[in-house]
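These notes concern the structure reproduced below.
The values are calculated or read from the model by the stated rules, or taken from the named source; none is laboratory data. Keep in mind that what you see is a predicted model, and the values were worked out from it rather than measured. Please note: Cβ atoms are built from the backbone with ideal geometry, for glycine as well, and neighbour counts cover all protein chains shown. When the accessible area is computed, the model is the full protein with side chains, heavy atoms only, and any ligands, DNA or RNA have been set aside. Shrake-Rupley method; radii C 1.70, N 1.55, O 1.52, S 1.80 Å.
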Amino acid sequence: MQKITVAKGDGIGPEIMDATLGILKAANARVEWEEIQVGEKVYLSGNTSGIDREAWDSIRRNKVFLKAPITTPQGGGYKSLNVTMRKTLGLYANVRPCKSFHPFVRTKHPDMDVVIIRENEEDLYAGIEHQQTDEVVQCLKLITRPGCEKIIRYAFEYARLYNRKRVSCFTKDNIMKLTDGLFHRVFREIAAEYPDIQADNWIIDIGAARLADTPEIFDVVVMPNLYGDVVSDITAQISGSVGLAGTANIGETCAMFEAIHGSAPDIAGKNIANPSGLLRAAVMLLNHIGQQDVAERIRNAWAVTIEEGIHTADIYKEGVSTQLVGTKEFAQAVIARLGQNPKQLSTVEYAREVRLSIPRYQRRQPLNKQLKGVDVFVDWKGTNPNELANKLEKLNSEIKLTLITNRGVKVWPDGFEETFCTDHWRCRFEVENGHPASKHSIPELLGKALNADVDVIKTENLYEFNGEKGYSLGQGQ
Ligand code: NAD
């Protein structure tokens, strides 16, 4: 018996969780559950994180968590429980299988069978945001080598374990050459370790367009957090319904499984919700804890129920469906079909353990890092960048002004009048002779800027790593 933590959540959560647990019990899953409270009640009791100490303890003790959707109250500074959980527990991989169940669930893509693997912890979701001037706010996009290595290795290991042939990578590295560029570079490095699996890279815009149009050409797709958030919902939706998809959030020690939809307050308490998303998440959970025999029995009984046209209202279609059922009746139908195999939909056969183990990240030899200058960001209400350049050149510092950009576009030297400028100026100071800059050059420059009344709002050091520029050029430079 393995103990797992469950939370029944809000809205339709308790109904779909009861249905799911009833099926797990009838299928003789070797699990016991410990229930915790998370979500609306906890938020409204004054806890802005939506989860209390005891609930954390249960999840950390049991390490496996089946979570029903919760309602996040609007306004009031309530933090998203999902984001908190993923980051606090280090759940770095979000895995979302999106398969169509044609002809039983209507879809324009009868042959699609895609697994989206989304990086779950970093990227713009680091949530590091600042207002820097009257007109400009920023959100920091953090992409790390350990983060890339873990998620990309996970994608290849997943593909190997589940007999998938190809892993595709989606990035925007034609624009974000350092951040998305790192993700793409690590993808190439790791792909070389898996010669048995095909690997290809797509620029996210055309990749997402093709995925929405011809999803059957994709197999496993791995991508950074924000792209994955958007693309995985689209992929689930075009497979037939977001109501059918489950998702796994996997970390080195803990894992959380859930449906991808929300708490659907509009239909709560009416016994009409489809429990399939949460049930399929539970099937992923059973695979994760090594009970693939039970996982397979449940998945196949569920597929038989769908094939027989026993459908909840969200997927019910005249001519395809045979019986409109409620949440409880759907669960009973699945239970009655335990032990049966689908006739048209694929059966699942796991001959071996379906537990993934990813080697721990090994930090590499430090690179040779040399300081080459600094980007000084300035709040300046003027409009002619030549005036700002004049002022900054007079600072007479060891590192020299070489460039001013506004929103990334070069406006000095030789800027264009047509370029629209805000009050946020990036002023680049660099060494002249290619030698490293001294560590004192930056505080000295900042001291002089302060004395000259230049409103410095932040700085970014410019480094070369093993002789390669660790910073982007200005657009138009
Ligand atoms: P939702 O997914 O709850 O509902 C969208 C629509 O889909 C609704 O019409 C709903 O009735 C329908 N629907 C959803 N799940 C269904 C199911 N299983 N069976 C049948 N129909 C279903 O999205 P929303 O309305 O934007 O959000 C409602 C609440 O859920 C919000 O408070 C939101 O913050 C929360 N939410 C939670 C999670 C989570 O806990 N993982 C995820 C998304 C949204």
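Within 30 Å of Ala333 (Cα to Cα) and open to solvent by less than 10 Å² (accessible area, probe 1.4 Å): is that true of Leu24 in this structure? Break it down into steps so the answer makes sense when it comes.
Details: within 30 Å of Ala333 (Cα to Cα): yes; open to solvent by less than 10 Å² (accessible area, probe 1.4 Å): yes.
When the stated conditions are applied, Leu24 passes them.
Just to be sure, is Ala333 part of a helix (DSSP H, G or I) and crowded, with 21+ Cβ neighbours inside 10 Å? No, not satisfied.
For the range 230-265, the set of residues classified as hydrophobic (A, V, I, L, M, F, W, C), assigned to a loop (DSSP other than H, G, I, E, B) and away from the ligand (no atom under 11 Å from the Cβ) consists of Cys254 only. Sort out which residues of the range 266-306 are surrounded by fewer than 22 Cβ atoms within 10 Å (Cβ to Cβ), in a helix (DSSP H, G or I) and within 16 Å of the ligand (Cβ to nearest atom), and write them in order of number. Asp266, Ile267, listed by residue number.
Are any residues in the range 183-200 of a type outside the set (Asp, Glu) and either within 22 Å of Tyr361 (Cβ to Cβ) or open to solvent by less than 40 Å² (accessible area, probe 1.4 Å) (or both), and if so, which ones?
Those that are of a type outside the set (Asp, Glu) and either within 22 Å of Tyr361 (Cβ to Cβ) or open to solvent by less than 40 Å² (accessible area, probe 1.4 Å) (or both): Phe183, His184, Arg185, Val186, Phe187, Arg188, Ile190, Ala191, Ala192, Tyr194, Ile197, Ala199.
Inclusion of Ala452 among residues that are under 40 Å from the mean Cα position of the chain (by Cα), of a type outside the set (Asp, Glu) and over 28 Å from Cys139 (Cα atoms) is not warranted.
For the residues Arg428, Arg407, the requirement of being surrounded by 14 or more Cβ atoms within 10 Å (Cβ to Cβ) and touching a Gly at 6+ places or on another chain (Cβ under 7 Å) singles out Arg428. For the range 178-187, the count of residues that are modelled with pLDDT of 95 or more, in a loop (DSSP other than H, G, I, E, B) and more than 16 Å from the ligand (Cβ to nearest atom) is nonzero. Per this entry, Lys439 is counted among residues that are in the same structural domain as Ala389 (by TED's automatic domain parsing), of a type outside the set (Phe, Trp, Tyr), open to solvent by 50 Å² or more (accessible area, probe 1.4 Å) and under 25 Å from Gln365 (Cβ atoms).
Residue check: Arg363 meets all listed conditions (1) within 16 Å of the ligand (Cβ to nearest atom); (2) more than 20 Å from Arg280 (Cβ to Cβ) but one, namely (1). Per the listing Lys25, Lys8, Lys41, the residue uniquely under 22 Å from Ala245 (Cα atoms), within 16 Å of the ligand (Cβ to nearest atom) and of a type outside the set (Gly, Ala, Ser) is Lys8. Note on the range 155-168: among residues that are part of a helix (DSSP H, G or I) and open to solvent by 40 Å² or more (accessible area, probe 1.4 Å), the one that is nearest to Phe183 (Cα to Cα) is Glu157. Look at the range 89-113: where a residue is within 30 Å of Thr253 (Cα to Cα) and a partner is among the hydroxyl-bearing types (Ser, Thr, Tyr) and part of a loop (DSSP other than H, G, I, E, B), sitting 6+ places away or on another chain with Cβ atoms under 8 Å, you get Leu89/Thr253; Gly90/Thr253; Cys98/Ser239; Lys99/Ser239; Asp113/Ser100. Has the range 65-77 got at least one residue that is over 30 Å from Gln332 (Cβ atoms), away from the ligand (no atom under 15 Å from the Cβ) and either assigned by TED's automatic domain parsing to the domain that holds Ala282 or not small (Gly, Ala, Ser) (or both)? Checking the range 65-77: not a single residue is over 30 Å from Gln332 (Cβ atoms), away from the ligand (no atom under 15 Å from the Cβ) and either assigned by TED's automatic domain parsing to the domain that holds Ala282 or not small (Gly, Ala, Ser) (or both).
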